[in-house]
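Take a look at the structure below.
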Amino acid sequence: MGATAVNTPWTSTLIGLALAFGACLAIYLASPNQRWRAEPVPPLPARAGGLALCVIAWLSLAQGRQALTATLMLYTTLMLCFVVLPCTGALLGLLKKKA
């Protein structure tokens, strides 16, 4: 017997959420005010990649959910990540000052 791919709503949801986090990370790292790196990444490729990851994340979420549910899950994840990423950047800055 060959290996079969398991495609459940949960796997597509987890993949979609991970892609949404990657999209937020790419967009955040392109910001001139980001605190994770010494220099921001080039803005145009990072933002284009982040947008592409958002679209792919929505497509992955929509595989296992209805379109409205996938949209709301994506927006909620984006809002969460865009709040958490700057806060962790500030925390990293504080930890670097103490060290």
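The values are calculated or read from the model by the stated rules, or taken from the named source; none is laboratory data. Predicted model, so just to flag it, every value in this text is computed and none were measured. Virtual Cβ from ideal backbone geometry, glycine too; neighbours counted across all protein chains shown. Calculation scope for accessible area: heavy atoms of the full protein, side chains included, ligands and nucleic acids excluded. Shrake-Rupley method; radii C 1.70, N 1.55, O 1.52, S 1.80 Å.
In whole Å and largest first, what semi-axes does the C-alpha gyration tensor of segment 6-84 yield when each eigenvalue is scaled by 5 and square-rooted? Present the calculation step by step, with values, prior to reporting the outcome.
On the way: eigenvalues 131, 25, 19 Å².
Whole-Å semi-axes of the equivalent ellipsoid: 26, 11, 10.
Quick one: net charge of L91's neighbours, Cβ under 13 Å, K/R +1, D/E -1? Local net charge: +4.
With contacts taken as Cα pairs under 8 Å and at least 6 residues apart, segment 1-93 reaches a relative contact order of 37 percent.
Keeping all protein chains in place, calculate the accessible area per residue for the chain (probe 1.4 angstrom), answer in Å². Roughly 69 Å² per residue, with all protein chains present.
Note that segment 89-99 has calculated 3J(HN,Hα) couplings of x, 5, 5, 4, x, 5, 5, 5, 5, 6, 7 Hz, one per residue in order, obtained from phi through the Karplus relation 6.51 cos²θ - 1.76 cosθ + 1.60 (θ = phi - 60°); glycine and proline are x.
Rolling a 1.4 angstrom probe over the chain with all protein chains present gives an accessible area of which 73% lies on carbon and sulfur atoms.
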